[in-house]
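These notes concern the structure reproduced below.
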Amino acid sequence: MRRRGREEEVKEKVLDVDASMQGTLTFRDPVNLRINGSFEGTLDTKGNLIVGENAVIRAGIKGEYIVVAGRVYGDINATKDLKLKPPAHVTGNITTPSLSIIEGAVLEGKCHMVGKEKEAGSLTKDMLTAEELAEYLEVDTSMVFEWVNSGKLPGVKERNTWRFDKSKVDEWVANGKVK
């Protein structure tokens with residue numbers, strides 16, 4: 001029995017898509033996905049995602065390691081690394097801890113860089129969503145929104161989503177401002 005090398009094993013696990021697709025594509029296990037055609041919808045991958053030069057993607061993309069050489073219309077959230085290679089053209093916002101834009105690639109949007117110790121696009125262990133905060137404080141979510149909308153509770157609104165720094169909330173509670 002012949003043992004296969006790592007390179008051969010990785011090549012076997014490449015899913016190469018050269019078609020037009022719509023919908024939600026989610027991979028729970030790591031894959032090596034290369035898209036050369038068109039895709040519209042939502043794309044959530046683990047592992048490596050390559051958007052080929054001829055690809056046209058109209059989707060929100062979330063993945064670990066992403067390389068874009070084609071056209072993407074939508075936000076990209078790369079939790080590990082994002083590379084834009086010519087002739088890439090991205091129209092949307094990106095969130096990643098590591099970004100490379102090679103000369104000739106175009107980004108039309110905003111970039112939010114997060115520290116490597118934080119997972120891009122997800123809240124850090126010290127940041128809470130309104131739902132997580134409600135559970136933490138053992139109150140109804142509507143109460144959290146009532147407090148934050150009245151200016152009593154410290155929070156930050158990003159893209160229509162409230163986020164709360166746990167240490168500031170703890171301080172707020174310790175100062176007796178919960179009423």
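No lab work stands behind these numbers, since they all come straight from the coordinates. As the structure is a prediction and not an experimental result, all values here were calculated from the model. Methodologically, a virtual Cβ is constructed for each residue, glycine included, from the backbone with ideal geometry; neighbour enumeration extends over all protein chains shown.
Before moving on, here are some points about what is shown:
- Label-reachable residues, the range 50-75, where backbone N falls under 18 Å from a point 7 Å from D16's Cα toward its Cβ: 50-56, 67-70
- Between the beta carbons of A174 and M143, assuming R0 = 25 Å, the FRET efficiency works out to 0.85 to the nearest 0.05.
- Order by protection proxy (mean Cβ within 10 Å, highest first), peptides 67-79, 140-152, 93-105: 67-79, 93-105, 140-152
- Projected onto their three principal axes, the Cα atoms of the range 6-113 cover extents of 35, 28, 24 Å, largest first.
- Put simply, the C-alpha atoms of the range 127-174 give a gyration tensor, and the ellipsoid matching it has half-axes of 14, 12, 11 Å, longest first.
- Between E108 and D165, the FRET efficiency from the beta-carbon distance, with R0 = 25 Å, is close to 0.20.
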